[in-house]
Amino acid sequence: MNAQVIPLKTRKARRSTPLRRPNADLRTREYLTPDEVEKLMKAAAKRGRYGQRDACLILIGYRHGLRVSELVNLKWQQVDLKGGHLHVRRSKNGVPSTHPLQGDELRALRQLARDWPDHGGFVFVSERGGPMSSDGVRKMISRTGEDAGLPFPIHPHMLRHACGFALANKGHDTRALQLWLGHRNIQHTVRYTELSPARFKDFWRD
C-alpha cells in the first residue's frame, strides 16, 4: 500500500503552526491572590456600561469557585436575593450545592438586575441580549488582567483556583472545601490544602 502523500503546502502550514506554550512558561502559579482579584474587579468596574457586569462576574466566579461554563449558564432562578443564597449547578459531573451570598455579592447582583432587565433568564448577558459566551468571558478576563497591571496572563479558571486557595488559607478543612467546590473526588481538593501556608502556621513557634 502506498504511503499517503501530504502536499508540500500542507506540510509547510503544519510546521508554521505555533505550539501553545506550557502554563509554567507563562506564569509562576495558576491562581490569583485575594489582592489580585480585587485589582481585577476594580479594573473591570472602569469599563463603561459593561464594567459593573464584568466586576460582578469576577466576584461571583471567585467567591463560589465557578468554572467559565458555570458562569455563562448561571440563571436568575438559581439566585435567591431575598434569602441570600446561590444554588450552584456544577458542570463536569460536579456535586451541586447551595452557597450563602455575602452582602457585596447581593448588592452587585441587584444592581446587575436593574441594569440588564432584558436578560432572558441569564445572569450575565451580552450586548446582544443573550448569555455571554465562554470565549467572551475568557477575552474579558484576559483584557482585564492587562488593564489591572497583573504581571502575567490570566484566564477565568484562575478565579476557581483563587477561591480554593483563599478558603484553604483561611483554615477550612479539606472536606468542607470539597463540598464548596463541588469535587466528587477529594484528591482534586487536596492540592489547595497541600499548598496552603496555613498548615505551617505553628512552625518555628515556641
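List of remarks:
- Calculated from backbone phi, Karplus (6.51, -1.76, 1.60) coupling profile of segment 121-128 in Hz, x at Gly/Pro: x, 8, 6, 10, 10, 7, 5, 8
- Computed over segment 28-195, relative contact order equals 29 percent, with contacts defined as Cα pairs under 8 Å that lie 6+ residues apart.
- Ranked by the mean number of other Cβ atoms within 10 Å of their residues, highest first, the peptides 147-160, 121-134, 93-106 fall in the order 147-160, 121-134, 93-106.
- Taking label positions 7 Å along the Cα-Cβ direction at both GLN77 and ARG128, the computed distance is 2.3 nm, reported to one decimal.
- Shape of segment 28-195, Cα gyration tensor, a/c cut at 1.5: oblate
- Separation of the ARG49 and ASP104 label points, Cα + 7 Å toward Cβ, nm: 2.7
- A straight chain from GLU38 to GLN111 at 0.36 nm per residue would run longer than the Cα-Cα distance by 24.4 nm.
- Total formal charge among the other residues, if their Cβ is under 13 angstrom from that of TYR50, Lys/Arg +1 and Asp/Glu -1: +3
No lab work stands behind these numbers, since they all come straight from the coordinates. None of these values were measured; they are calculated from a predicted model. Backbone-built Cβ (ideal geometry, glycine too); neighbour counts: all protein chains shown.
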